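The structure appears below as structure tokens.
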Amino acid sequence: MSIRLAAVQAEPVWLDSEATVVKTIALIAEAAAGGADLLAFPETWIPGYPVFLWSYPVYLQKDFVARYYANSLTVSGEQMLRIRNACAEHAITIVLGFSERSGSSLYMAQSMIGPDGGILLHRRKLKPTHVERTLFGESDGSGIKVVDTALGRVGALNCAEHLQPLTKYAMYSQNEQIHVASWPCLGILGSEPALSPGSIMAASQTYALEGGSFVITSSQIMSDEGAKTFPDANGGPTPVYTGGGGFARVYGPDSKLLTEELPPTEEGIVYADIDLSTIDLAKNTLDPVGHYARPDVLRLVFNSSPGRPVSTEGLANNYGEQEFPPPGNQSLTGTELPAHE
């Protein structure tokens, strides 16, 4: 069976959830018209990556933080419902990256939404990176998960989770076939070697080779005008701005690049037609959780249990089951996902 994968390379409407939701729905329609079965969005696509965290000292971030909270989504909210309805209307699966508001806390979230609008997977970034920890909370092992879909076994991680060897190994062990690597705005800090697009794409390509899976990379871009959303003292672009940042790609399970590269400043969607059977040939060469493993020497201890600050006797202490029922039990009414809002 041929499957068409697609990756978004675009600029969000910075700090504006409503405008970015409208743009998201338009991109879903465009990808569906292009024949895509699965569409990947960047990390914190809605309402855009919080560039202010890298641009200012903490005492100057207050107004940005308040605006970011106000423009973060709730999983059971009206804006998410509209995105889910768009997936159902166009019969497409997406992996959406967004800032999730839960109570008074924010999380770097990804939701996999199926072609019926049901939420197949909702996860949060296990450990926010560097200054991200001042804004976002952490998750637990229940989000390190690969799910069965009509397209195959699909998983997703955010940004520098792709630099965590044990996290990657836990994903590989679940027979992941298609992986969504959601990256943030790569139009900032591009001159820093560890954060450069070259290093980030190398990590994505390595994931494909190690895991023997197809990897979709999606990233935000930043324009000259967008960079002024986070102005310097003179009203110019944020001092961390390095321009462009678009790196939407698909890698095969043998690490081969399967898509044509868009210019890093250009918005668009890239597509790749894949056949999952090619994974078997790739893993014949290298399968680090199969024939190439040595569990008698090295093994991973993986706690996939959900963690809650409060456990109430008589209620399921399971983040996934309690918050997000299986898609078959969902209706698109906006009320089926009780949230801790």
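The values are calculated or read from the model by the stated rules, or taken from the named source; none is laboratory data. All values derive from a computational prediction rather than experimental measurement. As a convention, Cβ positions derive from the backbone with ideal geometry for all residues, glycine included, and neighbour counts pool all protein chains shown.
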Cβ-Cβ under 8 Å pairs, at least 6 apart or on other chains, the stretch 286-299 side within 9 Å of residue 211 (Cα to Cα), far side in a loop (DSSP other than H, G, I, E, B): 286/212; 286/292; 287/212; 287/293; 289/173
For residue 140: the one exception among (1) without any contact (Cβ under 8 Å) to a residue 60 or more places away in the chain; (2) farther than 20 Å from residue 282 by Cβ: (1)
Check on residue 197, at pLDDT below 95, in contact with a strand residue (DSSP E or B) (Cβ under 9 Å, 6 or more places away or on another chain), under 22 Å from residue 248 (Cβ atoms) and not small (Gly, Ala, Ser): yes
Could you identify the single residue in 143, 155 that is of a type outside the set (Ser, Thr, Tyr), within 16 Å of the chain's Cα centre (by Cα), closer than 20 Å to residue 271 by Cα and at pLDDT 95 or above? 155
Among the residues of the stretch 85-118, the number that are of a type in the set (D, E, K, R), over 20 Å from residue 49 (Cα atoms) and touching a strand residue (DSSP E or B) at 6+ places or on another chain (Cβ under 6 Å) is 0
List, please: which pairs have Cβ atoms under 8 Å, are six or more places apart or on different chains, and start with a residue in the stretch 157-184 that is at positive phi and end with one that is of a type in the set (Phe, Trp, Tyr)? 159/183
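Each row is one residue, and each column tells you yes or no for (1) modelled with pLDDT of 95 or more; (2) within 15 Å of residue 196 (Cβ to Cβ); (3) touching a helix residue (DSSP H, G or I) at 6+ places or on another chain (Cβ under 9 Å); (4) hydroxyl-bearing (Ser, Thr, Tyr).
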{"residue": "223", "(1), (2), (3), (4)": "yes, no, no, yes"}
{"residue": "227", "(1), (2), (3), (4)": "yes, no, no, no"}
{"residue": "232", "(1), (2), (3), (4)": "no, no, yes, no"}
{"residue": "235", "(1), (2), (3), (4)": "no, no, yes, no"}
{"residue": "240", "(1), (2), (3), (4)": "yes, yes, yes, no"}
{"residue": "248", "(1), (2), (3), (4)": "yes, no, no, no"}
{"residue": "253", "(1), (2), (3), (4)": "yes, no, yes, no"}
{"residue": "258", "(1), (2), (3), (4)": "yes, no, no, no"}
{"residue": "262", "(1), (2), (3), (4)": "yes, no, no, no"}
Residue 20 being under 23 Å from residue 148 (Cα atoms), under 17 Å from the mean Cα position of the chain (by Cα), buried (at least 18 other Cβ atoms within 10 Å of the Cβ) and among the polar types (S, T, N, Q): no
Select from the stretch 236-263 the residues that are outside any loop (DSSP other than H, G, I, E, B) and farther than 25 Å from residue 210 by Cβ and list them in ascending order. 241, 244
Any chance residue 100 is in a loop (DSSP other than H, G, I, E, B), in contact with a Ser or Thr (Cβ under 8 Å, 6 or more places away or on another chain), of a type in the set (D, E, K, R) and under 27 Å from residue 187 (Cα atoms): no
Name the residues in the stretch 245-257 that are surrounded by 19 or more Cβ atoms within 10 Å (Cβ to Cβ) and over 19 Å from the mean Cα position of the chain (by Cα), would you? 253
Test: residue in the stretch 114-127 that is in a loop (DSSP other than H, G, I, E, B) and of a type in the set (Asp, Glu): yes
Among (1) touching a helix residue (DSSP H, G or I) at 6+ places or on another chain (Cβ under 7 Å); (2) more than 19 Å from residue 113 (Cα to Cα), there is one condition residue 43 misses while meeting the rest; what is its number? (2)
Residue by residue through the stretch 222-235, note down the ones that are in a loop (DSSP other than H, G, I, E, B) and either charged (D, E, K, R) or under 16 Å from residue 154 (Cα atoms) (or both). 224, 225, 232
Quick one: which residue in 54, 14 is in contact with a Ser or Thr (Cβ under 6 Å, 6 or more places away or on another chain) and surrounded by 18 or more Cβ atoms within 10 Å (Cβ to Cβ)? 14
Please find, within the stretch 68-88, the residue that is nearest to the chain's Cα centre (by Cα) out of those that are surrounded by fewer than 17 Cβ atoms within 10 Å (Cβ to Cβ) and free of Cβ contacts under 8 Å to residues at least 60 places away in the same chain. 69
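For every residue, the table says whether it meets (1) surrounded by 16 or more Cβ atoms within 10 Å (Cβ to Cβ); (2) hydrophobic (A, V, I, L, M, F, W, C); (3) part of a loop (DSSP other than H, G, I, E, B); (4) at pLDDT below 95.
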| position | (1), (2), (3), (4) |
| --- | --- |
| 265 | yes, no, yes, no |
| 283 | yes, no, no, no |
| 288 | yes, no, yes, no |
| 308 | no, no, yes, yes |
| 315 | no, yes, yes, yes |
| 332 | no, yes, yes, yes |
| 337 | yes, yes, yes, yes |
Leading residue by the ranking (farthest from residue 225 (Cα to Cα)) among those in the stretch 34-67 that are in contact (Cβ under 8 Å) with a residue 24 or more places away in the chain and in a helix (DSSP H, G or I): 58
